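Structure first, commentary second.
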Amino acid sequence: MTTPLVYIVAAERSGELLGADLIRSLRKERGDGLDFAGVGGAAMAAEGVETSVDIDGLAIIGWIGGLLAWRRVKERVALTVADILARKPDVVVLIDSWGFMLRVAQGVRAADPSIKLIKYVGPQVFATRPGRARTLAATVDHLLSIVSFDAPFYTDFGLPVTFVGNPTLERMTVGDGAAFRASHGLAADAQAMLVLFGSRPAEIRRMYDVMVQAIERILRRQPDLKIVIVLAEPVAHIVQARLQIDTRMPDDIIIVSEAEKADAFAAVDLALACSGTVITELATTGVPTVAAYRLGWITWALIRMLNVMKSPYTTLVNMASDSNLVLEHVQTRCTPPRLAASTQSLLDSPERRQKISQALRQATDEMRGEGKASDRAAEIVLQYLPRT
């Protein structure tokens, strides 16, 4: 009998971190009794999964971004489907990235229905476009959900759903804030704000200037505030290049890589961040956060016209807690004056920051479920594999 093959597909950084966690959990259960292949980047490559499909440029935001990248996406989908069909794995795990993964799943299902398909992280049908639940149920064999309130949207259409918990909530370790401050010359009593510009090129294009303008406003009122910037790995070179020539930013900003992220989180008083997975990471460690986000204006107009947003919130933490723990500023509300005002309101009130920090930790504790999300996901994947 041949060794079972698990094929994992991740089209962007947050997804392949989940993929790498899943690979480690599967190996823990079955040792060397599994083979792996897939599509991903550096995190999955570190686990021995080399990819023949380049995922660069697949971190796409919005309908217009999808249309502009359609040829590239179509090509990568075809390459991924062809590789899956050639390898004929026992199970394929498709992580996040709704549009890309749906097309891969549909291509594989049409060509070889015997290959089992598992979707890891469902589209947020509780917030927008609930019709996607029916589409997913008709395409894959199982959904591994990272939010506890996902299941009813899918089980009505006969799709098995397992809430495994959110590995992001487990990945963040408690950093050493004091050591970070000491190593970067940041006084123990100095107020410090973390800034995260995003992890996708499109986010940098849309968010960098508006966030820098907000920082300018904050520093005019509070010039002694220290700015700490963590560079997301996929776009570090882009942000670094802009910061090097940006005269609007102070000379004493602290710029670090993701390797120091946990320590930076522990060292700061609050964060101004582009909305995304990092908001959940910040919430896990109790960092009061102002979240900013902009889509392309045509995409935003379509969203408003079609009334596809069903939730008043955009961040998972706020959805789960049904409260505005993370101060969200999206699209028309994502302006330098508004971002600066929300940030300043947190800077001016240590008591409010403390209350928000406690509430964020409580909310993410509830979101975590039973813990060991990747292990729980691995248990489901193993159920679709032949025993060796």
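The values are calculated or read from the model by the stated rules, or taken from the named source; none is laboratory data. Source: prediction; values computed, not measured. In this analysis, Cβ positions are derived from the backbone assuming ideal geometry, glycine residues included, and neighbour counts consider all displayed protein chains. Areas reflect the complete protein model, heavy atoms only, side chains present, ligands, DNA and RNA absent. Shrake-Rupley method; radii C 1.70, N 1.55, O 1.52, S 1.80 Å.
Restricting the stretch 127-154 to residues that are open to solvent by less than 30 Å² (accessible area, probe 1.4 Å), part of a loop (DSSP other than H, G, I, E, B) and hydrophobic (A, V, I, L, M, F, W, C) leaves a set whose member that is modelled with the lowest pLDDT is 127. With the condition being among the aliphatic types (A, V, I, L, M), open to solvent by less than 50 Å² (accessible area, probe 1.4 Å) and touching a residue at least 12 places away in the same chain (Cβ under 8 Å), I'd like the helices (runs of 4 or more DSSP H) fully within the stretch 155-242 carrying at least 3 qualifying residues. Where helices (runs of 4 or more DSSP H) fall fully within the stretch 155-242 and carry at least 3 residues being among the aliphatic types (A, V, I, L, M), open to solvent by less than 50 Å² (accessible area, probe 1.4 Å) and touching a residue at least 12 places away in the same chain (Cβ under 8 Å), they are 201-221. Residues of the stretch 93-116 that are open to solvent by less than 10 Å² (accessible area, probe 1.4 Å) and either assigned to a helix (DSSP H, G or I) or free of Cβ contacts under 8 Å to residues at least 24 places away in the same chain (or both): 101, 104, 105, 108. With respect to (1) under 26 Å from residue 276 (Cα atoms); (2) open to solvent by 60 Å² or more (accessible area, probe 1.4 Å); (3) at pLDDT 90 or above, the lone exception for residue 35 is condition (1). A single entry from 278, 268, 290 fulfils the requirement of being surrounded by 23 or more Cβ atoms within 10 Å (Cβ to Cβ) and without any contact (Cβ under 8 Å) to a residue 60 or more places away in the chain: 290.
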